[in-house]
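K.L.:
Quick one: the structure is below, questions incoming.
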Amino acid sequence: MIKSIFRTLAFTSNWRALVWRQPSMLLSMIAGPFLVLFLFGIGNTIYEPRPKTIVVNQSQGSQSEFQVTPEDLSNYLEVVEVTSDGDHALAELRARRIRLIMVIPPNPEQIIQSGKRAIIRVFVNEIDPVSLAFAQIDVRAQMAVVNSKIGERQIESLKGPLGNLGGILNRAQPLLVAVGMPQSDINNARQSIDTIESVPSDVLASPVDATVENITPLEPTVITYFVPAAIALIIQHLAVTLAGLSMIRARLLGTTRLWQTAPIRLGEILAGNYISYAILIVVVSIVLVLALIWALGLPVLGSFTLLWTSILLLIFASLGYGFFISMVAKNEQTAAQMAMIILLASLFLGGFLRSLEAIIPPVRVVSYLLPATYEGQILQELMLRGGQGDVTHYLALAVIGVVGIVASFLLLGRELKPS
Amino acid sequence: MSATETRSESQVVVVDHVTKEFNGHAALNDVSLAVSGGQIFGLIGPSGSGKTTLVLMMIGMQAPTQGEVRVFGIDPVRFNSGDRERLGYMPQESFLYPTLTAWENMTYVSGLFGISWMKRRKLIRKVLGDLELWDARNKLAGDLSGGMLRRLHLATVLIHNPDLAFIDEPMEGLDPLLRQGVWEILRQMRAHGQTVFMTTHNMEEAERCDNLALISNGRLIAAGAPQDLRKSVLGGQVIRLTAPRFDSKAYAALRSLPGVTEMDVKGRNEIILTVEKASETLPQAVETMNRMGIPITTAEEYEPPFDEVFARLVLND
């Protein structure tokens, strides 16, 4: 038993010496991801700037209340120019100096008076679906404002005549009753006229508004939302890459021959490697997480114990992937490529950029195979909501880890088996 | 029973009609040999003759296609940890970490053999000292010279004091002085009852072994003590005589001496005689020549270089 411990720990002394000899390697493992996350945290905002817009106004000169003015369009859009030259606006859009063109139709009042909606045509030049979505949201919000303002002007223009109508209604009341108009209808009409007269036009034009109150303990920011998931991604990638290269390195150095002839058992080799890499990555993770908490003011509203437990499980699961890669990859290039594929899969399918619900179920299967998918959610829950995280996510990490270690054990056994 | 006797088990290695094929090609063909404990056993043969394959089977890294290998009476493929603790193996290629120092590599290897941290320091110090590597203990393995690296590999074999050490080309890259030192260590191992099984293609080194097995093209050509092999090749012991001039009467007289099996006239002033026993025939030959008035200038027992012996064995096969 005691010999088994010495044999297993032989790997840790080896790694300790290697890391001690290359402090720059350790530094780059911590400082690299930290700097990337730090810059990401301080350099990003969640809101896109107001899109620069040229308004092509084909109804210049008209003074109708149905007229859409550039001022009506400036809440969500940045109107940089108003022109009647559509070709010029299109050239600017093609050159991507502006992001939107809004074409106001000529004589919108005639269209509206004919019982139709006046259509403002909007042109964009986007290849980024996220930016396109943002542009659509901005345009819709702006249209709501435009409609409200038109309505407001309409109501304002009605107030004078309605006031007169109210006076006439008062004086003509006996006559109206005499000709058979019910008193209740007369009262309702008076009430409506009074309401229009007394309530401000902007309230009448947009009588209902909404306010959003976030019940999470924190006001979400780019840093708080993305950095926990990014931590999961970085730790996973570190573990997968380091473990992925481990056995290949041992193979290249001929160390596997030593393992085959020394009294060390298969389980001891695997345990020794797991422990060595886990210690290294745990150290890196602790320093990285604490540095981010300190430098970016990253909150941890939940339990620190659960935070480190989940990180340990993530490392365990990711090492399983790494060792599996190192068993099946023939050389360092292939292993690095495979580690990169796992990183990309985690980035695009792990709920990092888009929520898991936005991924169609068959593809989501891949998401559920990736440790970062679970850890990203656990960390967000623990750090930002003060919760404990879904217990099934912890279990999933443990299961991935166990599957990885069993697969690595079988593959290593096959590799070291006498030929 | 002493520790030395325990170690020197009779026949620590038995190879019985072993054939090893790779993709239908026989790397070893019906090889049989036995190695008793407490000796330095040399497996000699040219590069690619199958030496390393045979060693790999003895340490359990390869299984024979046919036949049977037994080390300490056990099939090496079925070695457990305890059996492996009794073995040491030094391959031709490096297996050490170039970015670790000599000391750290030794610590790593001794850890793999389950040596405790407390014992480790003392053992490493002794082995590195014996192999004149103590001053280089803090040097990276990657910065060591070829000879030093070879000695460091040998040190990793010696660290756990194995009963049986398989060493592939131990003298490769060593200068004559260091070879001497390594031979001294191997002899000490033998004196402690340990068995050294080494491969070499250097005939000079092979001659220093207690017993040899000669292998060529995957086949065992001969096995035995170096002297016995030489004798078997030459048909007996060899005497070399020189004189200012031998004549036909001298040739006839020498040829008719008792125990002479063959005579090789190298020229008018040199004769090589193959005899059954050199110690008996040599004085008789000198006396006969003196009686005939031929002054002998050189009379010695002649030992042809071992590579000549090896070459003859291969040719005779």
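The values are calculated or read from the model by the stated rules, or taken from the named source; none is laboratory data. Just so it is clear, the model here is predicted, and its values are computed rather than measured. Cβ: placed from backbone, ideal geometry, glycine included. Neighbour counts: every protein chain shown.
K.L.:
Restricting the search to segment A:391-419, which residues are within 16 Å of residue A:272 (Cβ to Cβ) and of a type in the set (A, V, I, L, M, F, W, C)?
P.N.:
Listed by number, the residues that qualify are A:405, A:409, A:412, A:416.
To keep it simple, each residue is scored yes or no on (1) of a type in the set (D, E, K, R); (2) closer than 27 Å to residue A:338 by Cα; (3) assigned to a helix (DSSP H, G or I); (4) within 30 Å of the chain's Cα centre (by Cα).
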| site | (1), (2), (3), (4) |
| --- | --- |
| A:257 | yes, yes, yes, no |
| A:272 | no, yes, yes, no |
| A:277 | no, yes, yes, no |
| A:284 | no, yes, yes, yes |
| A:291 | no, no, yes, yes |
| A:294 | no, no, yes, yes |
| A:302 | no, no, no, yes |
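K.L.:
At least 1 residues that are within 30 Å of residue B:43 (Cα to Cα) in each: list the helices (runs of 4 or more DSSP H) lying fully within segment B:221-317 that qualify.
P.N.:
Working: elements: B:226-234, B:248-255, B:278-291, B:306-316.
Those helices (runs of 4 or more DSSP H) span B:226-234, B:278-291, B:306-316.
K.L.:
For residue A:256, state whether it is polar (S, T, N, Q), out of contact with any strand residue (DSSP E or B) (no Cβ under 7 Å at 6 or more places or on another chain) and within 12 Å of another protein chain (Cβ to nearest Cβ). Write out each step before concluding.
P.N.:
Numbers: polar (S, T, N, Q): yes; out of contact with any strand residue (DSSP E or B) (no Cβ under 7 Å at 6 or more places or on another chain): yes; within 12 Å of another protein chain (Cβ to nearest Cβ): yes.
Yes, satisfied.
K.L.:
Another question, if that's okay. Applying the selection to segment A:11-44, what residues are aliphatic (A, V, I, L, M), over 33 Å from the mean Cα position of the chain (by Cα) and more than 9 Å from chain B (Cβ to nearest Cβ)?
P.N.:
Just the residues of segment A:11-44 that are aliphatic (A, V, I, L, M), to begin with: A:17-19, A:25-27, A:29-31, A:35-37, A:39, A:42.
Still in the running and over 33 Å from the mean Cα position of the chain (by Cα): A:17-19.
If the condition is that a residue be aliphatic (A, V, I, L, M), over 33 Å from the mean Cα position of the chain (by Cα) and more than 9 Å from chain B (Cβ to nearest Cβ), then A:19 is the only one that fits.
K.L.:
Here's another thing I want to ask about it. Could you give me the residue pairs with C-beta distances under 9 Å whose first residue belongs to segment B:79-91 and is within 7 Å of chain A (Cβ to nearest Cβ) and in contact (Cβ under 8 Å) with a residue 24 or more places away in the chain, whose second residue is in a strand (DSSP E or B) and aromatic (Phe, Trp, Tyr) wherever it lies, and which are 6+ apart or on separate chains?
P.N.:
What qualifies is B:87/B:166; B:89/B:166; B:91/B:166.
K.L.:
Which of the residues that make up segment A:218-227 are over 13 Å from residue A:36 (Cα atoms) and touching a residue at least 40 places away in the same chain (Cβ under 8 Å)? Walk me through it before giving the result.
P.N.:
Pass one, segment A:218-227, residues over 13 Å from residue A:36 (Cα atoms): A:218-222, A:224-225.
Scanning segment A:218-227 gives A:218, A:220, A:221, A:222, A:224, A:225.
K.L.:
Residue B:173 - would you say it is surrounded by fewer than 17 Cβ atoms within 10 Å (Cβ to Cβ), modelled with pLDDT under 90, in contact with a helix residue (DSSP H, G or I) (Cβ under 9 Å, 6 or more places away or on another chain) and under 24 Å from residue B:53 (Cα atoms)? Steps first, please.
P.N.:
On the way: surrounded by fewer than 17 Cβ atoms within 10 Å (Cβ to Cβ): yes; modelled with pLDDT under 90: yes; in contact with a helix residue (DSSP H, G or I) (Cβ under 9 Å, 6 or more places away or on another chain): yes; under 24 Å from residue B:53 (Cα atoms): yes.
It is true that residue B:173 is surrounded by fewer than 17 Cβ atoms within 10 Å (Cβ to Cβ), modelled with pLDDT under 90, in contact with a helix residue (DSSP H, G or I) (Cβ under 9 Å, 6 or more places away or on another chain) and under 24 Å from residue B:53 (Cα atoms).
K.L.:
Looking for something closer than 16 Å to residue B:183 by Cα and either at the interface with another protein chain (Cβ under 9 Å from one of its Cβ atoms) or of a type in the set (Gly, Ala, Ser) (or both) - is there at least one such residue anywhere in segment B:137-151?
P.N.:
yes
K.L.:
Looking at the structure I just gave you, is residue A:130 at pLDDT 85 or above, out of contact with any Pro (no Cβ under 7 Å at 6 or more places or on another chain) and either buried (at least 16 other Cβ atoms within 10 Å of the Cβ) or not charged (D, E, K, R) (or both)?
P.N.:
Numbers: at pLDDT 85 or above: no; out of contact with any Pro (no Cβ under 7 Å at 6 or more places or on another chain): yes; either buried (at least 16 other Cβ atoms within 10 Å of the Cβ) or not charged (D, E, K, R) (or both): yes.
Answer is no for this residue.
K.L.:
Inside segment B:274-302, can you point out the residues that are under 21 Å from residue B:243 (Cβ atoms) and of a type in the set (Asp, Glu)?
P.N.:
B:280, B:287, B:300, B:301
K.L.:
Okay, moving on. Restricting to segment A:348-372, give me the number of residues that are surrounded by 10 or more Cβ atoms within 10 Å (Cβ to Cβ) and in a helix (DSSP H, G or I).
P.N.:
Result for segment A:348-372: 10.
K.L.:
Can you tell me how many residues in segment A:259-282 are in contact (Cβ under 8 Å) with a residue 60 or more places away in the chain, surrounded by fewer than 22 Cβ atoms within 10 Å (Cβ to Cβ) and more than 14 Å from chain B (Cβ to nearest Cβ)?
P.N.:
Looking only at that region, the number is 1.
K.L.:
Ok, one more. What's the number of the only condition in (1) in contact with a helix residue (DSSP H, G or I) (Cβ under 7 Å, 6 or more places away or on another chain); (2) hydrophobic (A, V, I, L, M, F, W, C); (3) within 14 Å of another protein chain (Cβ to nearest Cβ) that residue A:218 fails to meet?
P.N.:
Just one mismatch for residue A:218, condition (3).
K.L.:
From the list B:96, B:123, which residue is crowded, with 21+ Cβ neighbours inside 10 Å, of a type outside the set (D, E, K, R), more than 7 Å from chain A (Cβ to nearest Cβ) and within 22 Å of residue A:9 (Cα to Cα)?
P.N.:
Details: B:123 fails: crowded, with 21+ Cβ neighbours inside 10 Å.
Only one candidate qualifies: B:96.
K.L.:
Being crowded, with 20+ Cβ neighbours inside 10 Å and under 13 Å from residue A:7 (Cβ atoms) is the filter here, so list the residues in segment B:99-118 that pass it.
P.N.:
B:107, B:108, B:109, B:110, B:111, B:112, B:113, B:114, B:115
K.L.:
Right, next: Would it be correct to say that residue B:9 is at pLDDT below 90, of a type in the set (Asp, Glu), closer than 15 Å to residue B:190 by Cβ and in a loop (DSSP other than H, G, I, E, B)?
P.N.:
Values: at pLDDT below 90: yes; of a type in the set (Asp, Glu): yes; closer than 15 Å to residue B:190 by Cβ: yes; in a loop (DSSP other than H, G, I, E, B): yes.
The answer is yes for residue B:9.
K.L.:
Residue B:187: surrounded by fewer than 22 Cβ atoms within 10 Å (Cβ to Cβ), under 18 Å from the mean Cα position of the chain (by Cα) and at pLDDT 90 or above, yes or no? Walk me through it before giving the result.
P.N.:
Values: surrounded by fewer than 22 Cβ atoms within 10 Å (Cβ to Cβ): yes; under 18 Å from the mean Cα position of the chain (by Cα): yes; at pLDDT 90 or above: yes.
It is true that residue B:187 is surrounded by fewer than 22 Cβ atoms within 10 Å (Cβ to Cβ), under 18 Å from the mean Cα position of the chain (by Cα) and at pLDDT 90 or above.
K.L.:
Same structure, new question: List every residue pair whose Cβ atoms sit under 8 Å apart, with the two residues 6 or more apart in sequence or on different chains, where the first one lies in segment A:172-185 and is at pLDDT below 85 and the second, anywhere, is of a type in the set (Asp, Glu) and surrounded by 10 or more Cβ atoms within 10 Å (Cβ to Cβ).
P.N.:
Matching pairs, first to second residue: none at all.
K.L.:
Among (1) in a loop (DSSP other than H, G, I, E, B); (2) more than 14 Å from chain A (Cβ to nearest Cβ); (3) aliphatic (A, V, I, L, M), where does residue B:61 come up short?
P.N.:
(2)
K.L.:
Can you tell me which residues in segment B:94-123 are in a helix (DSSP H, G or I), β-branched (Val, Ile, Thr) and more than 14 Å from residue A:253 (Cβ to Cβ)? Working first, answer last.
P.N.:
Going residue by residue through segment B:94-123, those that are in a helix (DSSP H, G or I) are B:102-112, B:117-123.
From what's left, β-branched (Val, Ile, Thr): B:107, B:109.
Matches in segment B:94-123: B:107 only.
K.L.:
Of the residues in segment A:1-10, how many are surrounded by 12 or more Cβ atoms within 10 Å (Cβ to Cβ) and either more than 8 Å from chain B (Cβ to nearest Cβ) or over 21 Å from residue B:81 (Cα atoms) (or both)?
P.N.:
First pass over segment A:1-10, keeping only residues surrounded by 12 or more Cβ atoms within 10 Å (Cβ to Cβ): A:3-10.
Narrowing further to those that are either more than 8 Å from chain B (Cβ to nearest Cβ) or over 21 Å from residue B:81 (Cα atoms) (or both): A:5, A:8.
Summing the residues that are surrounded by 12 or more Cβ atoms within 10 Å (Cβ to Cβ) and either more than 8 Å from chain B (Cβ to nearest Cβ) or over 21 Å from residue B:81 (Cα atoms) (or both) in segment A:1-10 gives 2.
K.L.:
Taking segment A:78-107 on its own, how many of its residues are of a type in the set (A, V, I, L, M, F, W, C) and in a helix (DSSP H, G or I)?
P.N.:
4
K.L.:
Assess whether residue B:228 counts as being of a type outside the set (Gly, Ala, Ser), at pLDDT 90 or above and surrounded by fewer than 17 Cβ atoms within 10 Å (Cβ to Cβ). Explain how you work it out, then say what you get.
P.N.:
Working: of a type outside the set (Gly, Ala, Ser): yes; at pLDDT 90 or above: no; surrounded by fewer than 17 Cβ atoms within 10 Å (Cβ to Cβ): yes.
No; evaluated as a whole, the condition is false for this residue.
K.L.:
Within segment B:205-216, identify whether any single residue is in contact (Cβ under 8 Å) with a residue 24 or more places away in the chain, farther than 24 Å from residue B:128 by Cβ and in a helix (DSSP H, G or I), and answer yes or no.
P.N.:
There is at least one residue in segment B:205-216 that is in contact (Cβ under 8 Å) with a residue 24 or more places away in the chain, farther than 24 Å from residue B:128 by Cβ and in a helix (DSSP H, G or I).
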